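These notes concern the structure reproduced below.
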Amino acid sequence: MRDIFICWILTPLGAAFFGYLFFKSLNRVFYKWIPEAYSGKILRALIILSGCYVAYTWEANDVANATGLLNGSQIFDARVSVLIGGSAIILGIVTWGYRVIETIGTRITHLGPLMAFCAQLASGVNVHLYTILGIPVSTSHSIVGAIFGVGLVTGTRVLDFHILREIVICWIATPLLCGAFSYVFVILMIALKWI
């Protein structure tokens, strides 16, 4: 439990570090190395590629958290669990995903194209490192930390600390509320003799 808590704290901090480092480094050289006529097209390609990388690392870590329970409870084998998880991803993004897309994309800070690329790359690298170690982490913590890190390069005035505060409060409340709901649900199932 201690290791999970430590990673819970380190995930956004590591992503913020990578985001700051990547954007600080690339912000100095990208437009010097890449002619202006090509920078827009190159950045679009980099954003798409880094978005795919983030999706890959997130699914390797976050979705594995949910599908691992399906497999671990021996309800489904690993292949069926993966198919169920993949289907649920599609359903989630087309139904309620737009709200998180708006928060991540526009409410924390105004992201320029190079900032967006650096934030995605930072989040992907951060989650990938944890995935290699087999440690489940919050990919939401990672992307928010990465956006915070790239925002810090241009100064704290570009960050919306009101929304960041709300996000951190939710991060703290989520495991506590989930633990309480799980406890009440199990007690109820025992009382009803369902388990």
In Hz, Karplus ³J(HN,Hα) per residue of the stretch 119-124 (6.51, -1.76, 1.60; θ = phi - 60°; x = Gly, Pro): 5, 5, 4, 4, 5, x
Most mobile listed residue (C118, C178, C170) in the chain, GNM with C-alpha springs under 10 Å: C178
Calculated SAXS-style log₁₀ I(q)/I(0) at q = 0.14, 0.25, 0.28 Å⁻¹ - the stretch 150-195, Debye, Cα scatterers: -0.54, -0.85, -0.91
Derived scalar couplings ³J(HN,Hα) [the stretch 156-171; Karplus, 6.51 cos²θ - 1.76 cosθ + 1.60; whole Hz; x for Gly, Pro]: 5, 5, 8, 9, 8, 6, 5, 5, 4, 4, 4, 5, 5, 4, 5, 4
Listed residues A15, I34, I47: farthest to the positive end of the dipole of the stretch 1-66 (Cβ charges): I34
Karplus-derived 3J(HN,Hα), 6.51/-1.76/1.60, for each residue of the stretch 86-101, Hz, glycine and proline x: x, 5, 5, 4, 4, 4, x, 5, 7, 9, 10, x, 4, 5, 6, 4
Using alpha-carbon coordinates, inclination of helix 2-33 to the longest axis of the chain, degrees: 20
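Based on the mean of other Cβ atoms within 10 Å per residue, sort peptides 90-98, 128-136 so the most packed one is first. Walk me through the numbers before you get to the answer.
Values: 90-98: 10.6, 128-136: 14.6.
Most protected by this proxy first, the peptides run 128-136, 90-98.
By per-residue mean of other Cβ atoms within 10 Å, what is the highest-first order of 17-30, 74-87? Don't skip to the answer; put the middle values down first.
Values: 17-30: 18.1, 74-87: 13.3.
Descending packing order for the listed peptides: 17-30, 74-87.
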Extreme residue, positive dipole direction of the stretch 2-159, given options W96, H128, F148 (C-beta unit charges): F148
Calculated Rg and Dmax of the stretch 73-165 using C-alpha coordinates, Å: 16.0, 50
Ranked H162, H110, H141, criterion: other C-beta atoms within 10 Å, fewest first: H162, H110, H141
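As a test of the formula, what do you get for the chain when each DSSP H run with n ≥ 4 contributes -39,500 (n - 2.57) and the sum is divided by the residue count, at 222 nm and rounded to the nearest 500 deg cm²/dmol?
Numbers: 8 runs with 155 residues, N = 195.
Rounded to the nearest 500, it is -27000 deg cm²/dmol.
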Listed values (i) 1.17; (ii) 1.22; (iii) 0.98, entry calculated as Cα Rg over 2.2 N^0.38 Å: (i)
Ranking of E166, E102, E59 by count of other Cβ atoms within 10 Å, fewest first: E102, E166, E59
Residue with peak Gaussian network fluctuation, the chain [Cα springs, cutoff 10 Å], from A122, A66, A37: A37
Residue with peak Gaussian network fluctuation, the chain [Cα springs, cutoff 10 Å], from L70, L177, L159: L177
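Readers should treat all values here as calculations from the given coordinates under stated rules, not as data from a laboratory. This structure is a prediction, so every number in the text was calculated from the model and none was measured. Note that each Cβ is placed from the backbone with ideal geometry, even for glycine, and that neighbours are counted across all protein chains shown.
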